[in-house]
Structure formats: structure tokens, C-alpha cells
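Report on one structure; see the data block that follows.
The values are calculated or read from the model by the stated rules, or taken from the named source; none is laboratory data. Just so it is clear, the structure is predicted and the values come from calculations on it, not from any experiment. FYI the Cβ positions are ideal-geometry reconstructions off the backbone, even for glycines, and counts take in every protein chain you see.
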Amino acid sequence: MHIDKKEPTTIILAMAFTAIAVILGYSALGIWPAFIFTFGYLGGLIIWLFTPMRATFKQIGIPYFLTLALFIVHKIEERERDFFLP
């Protein structure tokens, strides 16, 4: 089943997720790193809003969670190695 219309609840949840990610990034990393990756989150949200869906979450769930897990590991690595400190 392919879905071409995004539900309002899904859009609100995506916007909330984006806002939470930006806020947590700011609190964990500071203003400049958060400012940089905010463009990625907002850009991804905007592209997602205006791009028709061609796959269900069931089809992309495993790659999504694998990517999310690797991203979290990457952020922990940066934090532990003081990547953003002068």
C-alpha cells in the first residue's frame, strides 16, 4: 500500500520531533553545532513535507532505526572525544 497524503497527526509529530532534536542538540552541543545541524533537520522536514511518499514505514523501518542507532553512536563518539571543544 502506497500513501501519497500525509496525515495531520504525522506532520505534527514530525515537527515536534524536529523541534525536540534541535533543542536537545542545543543543550548538548551549544549554539553553533546546533545551528549547523538545524539546517539538516529543517531541510529534511521541508523535503519530506513536499515529497510524495512511495514506501510504507514497514518497508523502511529497519533501515530507519539502524540509521538512527548509528547516528546516536556517532554523536556519543563526538561527545566523548571532545570533538566540538577548541
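General observations
- Scanning the range 6-38 for residues that are touching a helix residue (DSSP H, G or I) at 6+ places or on another chain (Cβ under 9 Å) and of a type in the set (Ser, Thr, Tyr) returns 18, 26, 27, 38.
- The set of residues in the range 36-86 being polar (S, T, N, Q) and over 14 Å from residue 14 (Cβ atoms) consists of 38, 56, 59, 67.
- When the range 25-68 is filtered for residues that are within 12 Å of the chain's Cα centre (by Cα) and more than 24 Å from residue 6 (Cβ to Cβ), only 25 remains.
- Hey, residue 21 at pLDDT below 90 and closer than 22 Å to residue 80 by Cα or not: yes
- Considered as a group, the residues in the range 55-67 that are of a type in the set (A, V, I, L, M, F, W, C) and assigned to a helix (DSSP H, G or I) include one that is nearest to residue 21 (Cα to Cα), and that residue is 65.
- Residues of the range 1-14 satisfying the condition of being surrounded by 13 or more Cβ atoms within 10 Å (Cβ to Cβ) and of a type in the set (A, V, I, L, M, F, W, C): 3, 11, 14
- Which numbered condition residue 52 fails, given (1) exposed (fewer than 10 other Cβ atoms within 10 Å of the Cβ); (2) outside any loop (DSSP other than H, G, I, E, B): (2)
- Check on residue 71, in a helix (DSSP H, G or I) and modelled with pLDDT of 90 or more: yes
- Filter result for the condition that a residue is in contact with a Gly (Cβ under 7 Å, 6 or more places away or on another chain) and without any contact (Cβ under 8 Å) to a residue 24 or more places away in the chain, over 34, 19, 69: 34
- Among the residues of the range 17-43, those that are among the small types (Gly, Ala, Ser) and surrounded by 15 or more Cβ atoms within 10 Å (Cβ to Cβ) comprise 21, 25, 34.
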